[in-house]
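Below is one structure, written out as structure tokens, with a few remarks after it.
Each value in this text was obtained by applying a stated rule to the coordinates, not by laboratory testing. All figures in this text were calculated on a predicted structure; none of them were measured in a lab. All Cβ positions, glycine included, derive from the backbone under ideal geometry; neighbour counts span all protein chains shown.
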Amino acid sequence: MQTNRVIRFLAGAVFSVVVGLVPTPLWAVPSDGDSHTVTLAVFSINDFHGSFLADADKGIPGVVALCHTLDSLKQAYPYHVTVAAGDNFGGSYFSTVTEAALLPVMFNKMGITVSAIGNHEFDNGQDFLARRWAGAPMRPAGWDLTYVCANVTDSLGRTPGYVSPFAVREVKLSPTRSANVAFVGLITSSTPEQTRASNVRGLVFDGRYDAVLDMLKTARGFDSVRNANVRLLLTHIGTRMDGGKAVWDDRDAAHLEAINDTLYHGILSAHSHQPVCGTVSQRHYPVVQGEWHGDYIGVMKVQLDTMSMRVVGAEPVLERVPLGRCYTDAEAQAWNCLIDSLMNSTRIAGGYPLGRVLATSEVLLTHDRADKHTFTELGTLVCESYAEAYRRAAGAADGDVVVGVCHYGTVRAPLPKGDVRVMDVGEVLPFSNRIRTFRMTGAELMRLVEFGLNNRRYGRMQFDGLEVLADSADTFRVRSLRYVQPSGKRRVEIKPETPCVVAADEFMTTGGDGYPTSLFPDVEEIKSDLPTTTEAFIQHIERLGKVHGDPDRVRKLFIAK
């Protein structure tokens with residue numbers, strides 16, 4: 001009952017904000033000294049990843065700061081529409097274990113009814129996408145979400161039922177005049193490598209983005225886009241700044257650069273977790289991207305001639321969301337009440353609440369996603385937990401070669417110094433994948449390690465228990481491996497025929513982050529009843545009780561003279 005009252009309060013709060021933003025004297029106020037021009041602002045939230053909880057140490061402003069900042073922008077720009085650019089949830093343990101229950105509440109509060117699809121929208125499978133929180137107790141009455149994506153189809157070339165290639169939203173400029181804003185969606189063609197294979201089975205992600213947009217013009221209903229006053233691409237495809245210039249960050253960037261259509265006025269991008277503001281592609285479209293976790297709100301300030309109802313200019317702007325600011329108003333209290341309710345009521349396997357303290361850490365353990373061609377203590381600790389989960393289940397001896405491995409991007413947050421709670425450990429590994437175990441020979445393990453060392457696009461594979469001797473030129477070539485027993489008492493050379501067991505997160509074994517599935521042959525899988533990656537890490541940290549900093553953990557790659 002308390003939760004329902006809070007949701008009703010937040011729904012009322014958004015109504016009062018919207019009413020306050022469009023008082024009669026402000027109808028169609030000219031801007032920039034032009035008597036016929038107004039500014040229509042399109043606000044974009046990208047790569048939020050369910051980061052509802054504010055955490056200044058992790059650089060996360062949180063839902064309260066994000067909503068307050070957006071409300072302020074709406075007051076500054078009374079003619080506006082707000083959309084999301086994908087990866088709205090996923091990548092956050094709190095979001096995962098609560099099934100992103102707060103997202104419909106937040107989107108309803110913000111007025112978001114259109115979103116691009118990101119790779120993490122597939123984290124819970126296509127059925128979850130199709131339901132869009134239908135029946136969820138926190139879903140506000142009357143709210144719905146349209147996912148837009150023009151370049152995803154099934155094997156027969158049909159658009160899945162849970163997406164639309166485009167959507168149009170109306171923005172009132174006066175009691176008698178409106179502007180229509182059209183959004184055409186695109187998703188990165190690398191999506192199959194960045195989500196579980198089973199979650200996108202049967203789908204095709206077309207990287208010929210320019211051709212897709214050309215073909216879309218013949219689609220039924222496209223006249224609603226063509227006739228819209230403002231037309232934008234809403235993409236979960238990454239951009240980045242390079243020498244002060246915005247560029248595409250995608251394996252099919254050539255097809256993005258080739259987009260040269262006068263139909264579109266700008267681009268709202270996402271996925272690369274970089275703050276971007278500039279122009280892109282050969283037509284120099286204005287583009288904006290707000291990093292991630294709600295660090296920024298992207299704004300496309302569109303200048304609209306109210307006589308012709310045509311766009312005469314578009315300017316991308318990044319608005320920073322304050323970090324570490326304390327809000328005490330009624331709306332902030334309502335959000336905190338909802339969050340506290342979920343924190344107290346949500347239980348993980350074993351019955352632990354999210355706030356339970358598992359251990360203490362003497363140091364802050366980081367894992368910088370921008371510095372992805374390295375080993376980290378935290379990555380090693382994660383892999384250690386996978387191997388330990390198998391050892392305990394199988395009763396493996398100290399001398400048995402059991403190696404835990406994970407892809408670099410699975411670690412999403414640092415492990416804090418001081419008390420370490422269930423929530424803290426979960427945020428390190430929010431995806432909670434299956435641990436799969438495989439029999440390998442020493443030669444097969446060497447091939448896996450060599451690929452992982454040279455994974456330039458997605459980052460270096462993390463592992464535990466191995467020391468690697470390699471040649472280094474443009475690529476690493478592994479010469480030999482030594483196994484460090486868990487007790488630390490012995491180092492044993494791994495010969496080509498040495499029997500080994502590899503414990504890996506499921507994502508990388510099914511093609512994730514570019515790992516060939518041939519490195520993890522199904523016929524060699526050991527069927528084991530193991531905890532998930534996140535559960536294994538939680539159990540491992542609790543067993544340790546105290547986490548020590550140990551630089552020797554990352555001294556595992558040695559270059560041959």
Let me know the shape class of the stretch 2-334, please: from the alpha-carbon gyration tensor, a ≥ b ≥ c as square roots of the eigenvalues, rounded when a/c is under 1.5, otherwise prolate if a/b is greater than b/c, or oblate.
rounded
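Quick check: net charge around residue 521, other residues with Cβ under 10 Å of its Cβ, Lys/Arg +1 and Asp/Glu -1?
It works out to a net charge of -3.
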Ranked by Cβ crowding within 10 angstrom, fewest neighbours first, how are 284, 49 ordered?
284, 49
Note, residue 397: beta-carbon cut-off 13 Å, +1 each Lys/Arg, -1 each Asp/Glu, net +2
Given +1 on the Cβ of Lys and Arg, -1 on the Cβ of Asp and Glu, and no further charges, what dipole in debye does the chain carry about its Cα centre, rounded to the nearest 20?
340 debye
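Under unit Cβ charges (Lys, Arg +1; Asp, Glu -1), what dipole magnitude, rounded to 20 debye, does the stretch 2-334 have relative to its Cα centre?
Working: 27 positive and 32 negative charges, 164 e Å.
Value, rounded to 20: 780 debye.
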Alpha carbon centre of the stretch 506-552 versus the stretch 250-307: separation in Å?
37 Å
Add -39500 (n - 2.57) for each DSSP H run of 4 or more in the chain, then divide by its residues: what number comes out at 222 nm, to the nearest 500 deg cm²/dmol?
-7500 deg cm²/dmol
Can you tell me the dipole magnitude for the stretch 48-207 around its Cα centre, using point charges on the Cβ only (Lys, Arg +1; Asp, Glu -1), in Debye to the nearest 20?
480 debye
So which trypsin sites (Lys or Arg not before Pro) in the stretch 150-219 end up in coil per DSSP with only 15 or fewer other C-beta atoms within 10 Å?
158, 177, 201, 208, 217
Among beta bridges that DSSP assigns inside the chain, antiparallel share in %, nearest 5
70 percent
Give the long-range amide H neighbours of residue 164: residues separated by 5 or more places, or on another chain, with amide H under 5 Å away, using H modelled in the peptide plane at 1.01 Å from N.
147, 148, 149
Give the shape of the stretch 105-228 as rounded, prolate or oblate, defined through the alpha-carbon gyration tensor: a ≥ b ≥ c are the square roots of its eigenvalues, a/c under 1.5 means rounded, and otherwise the shape is prolate if a/b is larger than b/c and oblate if not.
oblate
Across the chain, where is the longest run that never hits GluC sites (Glu not before Pro) in a DSSP loop with at most 16 other C-beta atoms within 10 Å?
100-361
Farthest towards the positive end of the dipole of the stretch 2-334, among 308, 273, 61 and with Cβ unit charges of +1 on Lys and Arg and -1 on Asp and Glu, lies the Cα of 308
Based only on other Cβ atoms within 10 Å, what is the fewest-to-most ordering of 432, 174?
174, 432
Put +1 on the Cβ of each Lys and Arg and -1 on the Cβ of each Asp and Glu in the chain; which of 162, 500, 72 then has its Cα farthest toward the positive end of the dipole?
162
Name the residue from 470, 375, 442 whose Cα lies farthest towards the positive end of the charge dipole of the stretch 350-559, charges +1 on Cβ of Lys and Arg and -1 on Cβ of Asp and Glu.
470
Taking Cα pairs under 8 Å and at least six residues apart, what relative contact order does the stretch 350-559 come out at, in percent?
33 percent
Per the Kirkwood formula on distinct C-alpha pairs, the Rh of the stretch 228-287 is how many angstrom?
11.5 Å
Which angle between 0 and 90 degrees, to the nearest 10, do you get for helix 377-394 versus the longest principal axis of the chain when only C-alpha atoms count?
60 degrees
Cα-based helix-to-principal-axis angle, 442-453 vs the chain, degrees rounded to 10:
30 degrees
Once you order the gyration tensor axes a ≥ b ≥ c over the Cα atoms, which shape class does the stretch 273-324 get: rounded for a/c under 1.5, otherwise prolate or oblate by comparing a/b with b/c?
oblate
Among (1) 28; (2) 39; (3) 22, which one is percent of Cα pairs over 40 Å apart computed from these coordinates?
(1)
Counting only Cα atoms, I'd like the Rg/Rh figure for the stretch 396-528, Kirkwood definition for Rh.
0.97
Output the 0 to 90 degree angle, nearest 10, between the alpha-carbon long axis of helix 2-21 and the longest principal axis computed from the alpha carbons of the chain.
40 degrees
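Just rank 237, 297, fewest to most, by other beta-carbon atoms within 10 angstrom.
297, 237
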Scan around residue 526 for amide H atoms under 5 Å from its own, H built in the peptide plane at 1.01 Å from N, and keep only partners 5 or more places away or cross-chain.
437, 438, 439
Percent RCO, i.e. relative contact order, over the chain, from Cα pairs under 8 Å lying at least 6 residues apart:
14 percent
In range of the label at residue 261: residues from the stretch 174-216 whose backbone nitrogen is under 20 Å from the point 7 Å along Cα→Cβ:
180-190, 204-216
